[in-house]
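J.: My questions all concern the structure below.
The values are calculated or read from the model by the stated rules, or taken from the named source; none is laboratory data. Small disclaimer: the values here were computed from a predicted structure and weren't measured. Glycine also receives a Cβ, built like all others from the backbone with ideal geometry; neighbour counts cover every protein chain displayed.
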Amino acid sequence: MSDGANPTRRQLVAASTLGAGTLLALALLLIVNYFGWKYHDRFDWTGSSLYTLSEKSLNVVGSLERDVEAIVFLSPGDELFDPAVEMLARYEAASPRFSVRTLDPEKNPAEAQGLIDRYQISQLNVVVFDAGDDRRVVESNDLADFDYSGMQYGQAPTLEAFKGEQMFTAAILELAENRKSKILFTSGHGELPLDGASARGLSTAQDLLGRDNFTLESWASLGQPSVPEGTDLLVIAGPTSGFLEPEVDVLRSYLEGAGRLLLLADPILGDSGRLAGTGLEELLSEYGVTLGADLVVDPANPLPFYGAETFFVNDFGAHPITRTLDETQLPVIFPLARSVSAAEAPAEITVTEMLRTSAEGWGETDLENLGAVEQGEGDLTGPVSLGVAVEAVADTAADAAAEPFEETEVVADEPPAPTPTRIIVYGDSDFASNGHIANVGNAELLANTVNWLVVRETLLGIPPKEPDQVKLSLTQRQLRGLNWLILGLLPALSIALGVAVYFRRRR
């Protein structure tokens, strides 16, 4: 009886052992998956850190107080699908309030059509950020810069720079702020029209800034007692006639109340070979800015088929606005400019020169003889400053303003830091016009300028990232060698090994 029970006992022990091992393996699997779900990390093995989020993006998504869902309306075959989804996954991992959903419009046309009707989008190649009662749309053509130079030889466009982080962070920030900053463009002095579609219009700039969550309106300043309340930024773009004293007083009061001003002052020829006045020279001098009565030329940085008065600028000062332009070596093109330089200013005002010509450039003051431009004795010698940034903070806020560009933690019980007065003056308006804003770094200069003026430095310093372009170049001889290796040698070795194993087993 014991002999018959031994096999049964052995089977029971074996079954129990197998069952216990299976349960233990399942338990270990569950534990590993739980810890993998709760404690995980993502790595970026690309050489250019293509998918690594900046500290500013992490701060934006980490401080979300409302749920935001990103819906990717891109086909998996699209070149931008993988980098967009991978980068959005980094945002999702950084905040429990951020989620990502992909939708292939070709495989799910009914669901895609429903979302199109819901979000009122006109095309399918977009990424929609949905916060319930508000949304932002990022178009695919804003996500990257492509090189089309090879198309004339039948080559496909190549991806030069991926701008996903900059666009995604901007969209998330807009939803987090839950309001649109208001920008007024003055009119009545021959300024560039805000909605003008001509080469000297600003309709392209209006579209560009509109995507950055700004509301843009025209404002006739003549006869107005004050700048409208709630104005985050006042822009004077290319005036051809001067402001009157009552208008200047309104602007002065606005700036004294922590206002923000962007002045794009073209060199406009007046009588007697002099530049026409803007009426703002005295106001600017109060803030340490000198508007030059000259025409800047730079023969060392010319553009083909243009005169010396149209040039590119690649010498930038140390400022958050120009930092990304300097790092990415993106020049800015100024078609016709005057000098704008820093002058003596009160202690509480900081004036920074941001753009300069080369050392060979100068400010031409003999405006009656522009046919043969040569540097004269009374001309302003280079490098010539073309734009300045002004930040003015009251003396009582000196401690808080010691590091005006650094992000600081805000404590709920502490009073908010005083808002600084900020002014940007460029000696040209054409760089922001429809005819020139698409040139190299012009659009980035304008966007960075506006974001800095309204104290939205979060969007600054996130440059486009260059994707890894790994190419293997082989000669014809090397290609033939690879063909012989893959199609001849490796199969022959496999056959020889098989024959050797066969005869060895026969022995």
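J.: Quick check on this structure: which one of ALA337, ALA347 is of a type in the set (A, V, I, L, M, F, W, C) and surrounded by fewer than 17 Cβ atoms within 10 Å (Cβ to Cβ)?
T.: ALA347
J.: Of (1) modelled with pLDDT of 85 or more; (2) outside the structural domain of THR322 (by TED's automatic domain parsing); (3) among the hydroxyl-bearing types (Ser, Thr, Tyr), THR449 satisfies all except one. Which?
T.: (2)
J.: Among the residues of the stretch 72-89, write down those that are crowded, with 19+ Cβ neighbours inside 10 Å and outside any loop (DSSP other than H, G, I, E, B).
T.: VAL72, PHE73, PRO83, ALA84, MET87, LEU88
J.: Any residue at all in the stretch 319-330 that is modelled with pLDDT of 90 or more, touching a helix residue (DSSP H, G or I) at 6+ places or on another chain (Cβ under 7 Å), assigned by TED's automatic domain parsing to the domain that holds MET354 and β-branched (Val, Ile, Thr)?
T.: Yes, the stretch 319-330 contains a residue that is modelled with pLDDT of 90 or more, touching a helix residue (DSSP H, G or I) at 6+ places or on another chain (Cβ under 7 Å), assigned by TED's automatic domain parsing to the domain that holds MET354 and β-branched (Val, Ile, Thr).
J.: Additional query: Are any residues in the stretch 342-383 in contact with a strand residue (DSSP E or B) (Cβ under 6 Å, 6 or more places away or on another chain), of a type in the set (D, E, K, R) and closer than 21 Å to PHE316 by Cα, and if so, which ones?
T.: Scanning the stretch 342-383 gives GLU353, ARG356.
Each row is one residue, and each column tells you yes or no for (1) assigned by TED's automatic domain parsing to the domain that holds SER140; (2) of a type in the set (Gly, Ala, Ser); (3) in contact with a Pro (Cβ under 9 Å, 6 or more places away or on another chain).
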residue	(1), (2), (3)
GLY62	yes, yes, no
PRO83	yes, no, yes
LEU88	yes, no, no
ALA94	yes, yes, no
THR102	yes, no, yes
PRO105	yes, no, no
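J.: Looking only at the stretch 96-111, count every residue that is surrounded by fewer than 16 Cβ atoms within 10 Å (Cβ to Cβ), of a type outside the set (D, E, K, R) and at pLDDT below 85 and tell me the total.
T.: 3
J.: Do the conditions hold for ALA401, that is, is it in a loop (DSSP other than H, G, I, E, B) and modelled with pLDDT under 85?
T.: yes
J.: Please indicate, with yes or no, whether at least one residue in the stretch 116-124 is touching a residue at least 60 places away in the same chain (Cβ under 8 Å), part of a helix (DSSP H, G or I) and charged (D, E, K, R).
T.: For the stretch 116-124, residues touching a residue at least 60 places away in the same chain (Cβ under 8 Å), part of a helix (DSSP H, G or I) and charged (D, E, K, R): absent.
J.: For the stretch 263-279, which residues satisfy the criterion of being surrounded by fewer than 22 Cβ atoms within 10 Å (Cβ to Cβ) and at negative phi?
T.: The answer is ILE268, LEU269, GLY270, ASP271, ARG274, LEU275, ALA276, GLY277, THR278.
J.: Next question, about the same structure. How about the stretch 327-341: which of its residues are within 18 Å of GLY307 (Cβ to Cβ), in contact with a strand residue (DSSP E or B) (Cβ under 7 Å, 6 or more places away or on another chain) and of a type outside the set (A, V, I, L, M, F, W, C)?
T.: Within the stretch 327-341, PRO331, ARG338, SER339 qualify.
J.: Hey, any hits in the stretch 273-295 for a residue that's touching a residue at least 12 places away in the same chain (Cβ under 8 Å), assigned by TED's automatic domain parsing to the domain that holds ASN442 and closer than 30 Å to GLU177 by Cα?
T.: no
J.: Could you please find all residues in the stretch 186-217 being within 23 Å of the chain's Cα centre (by Cα), polar (S, T, N, Q) and at pLDDT 90 or above?
T.: SER203, THR204, GLN206
J.: Go through (1) touching a residue at least 40 places away in the same chain (Cβ under 8 Å); (2) outside any helix (DSSP H, G or I); (3) under 26 Å from PHE146 (Cα atoms) for ARG66 and report which single condition fails.
T.: (3) is the only condition that ARG66 fails.
J.: Right, LEU303: of a type in the set (A, V, I, L, M, F, W, C), closer than 19 Å to GLY387 by Cα and surrounded by fewer than 20 Cβ atoms within 10 Å (Cβ to Cβ) or not?
T.: no
J.: Now for a separate question. Please verify whether VAL68 is of a type in the set (Val, Ile, Thr) and either touching a Cys at 6+ places or on another chain (Cβ under 8 Å) or at pLDDT 80 or above (or both), treating the condition exactly as stated.
T.: Yes: the conditions hold for VAL68.
J.: List pairs: first in the stretch 252-267 and among the aromatic types (Phe, Trp, Tyr), second surrounded by 15 or more Cβ atoms within 10 Å (Cβ to Cβ), Cβ under 7 Å, 6+ apart or cross-chain?
T.: Going by the 7 Å Cβ cut-off, the qualifying pairs are TYR254/VAL227; TYR254/LEU234.
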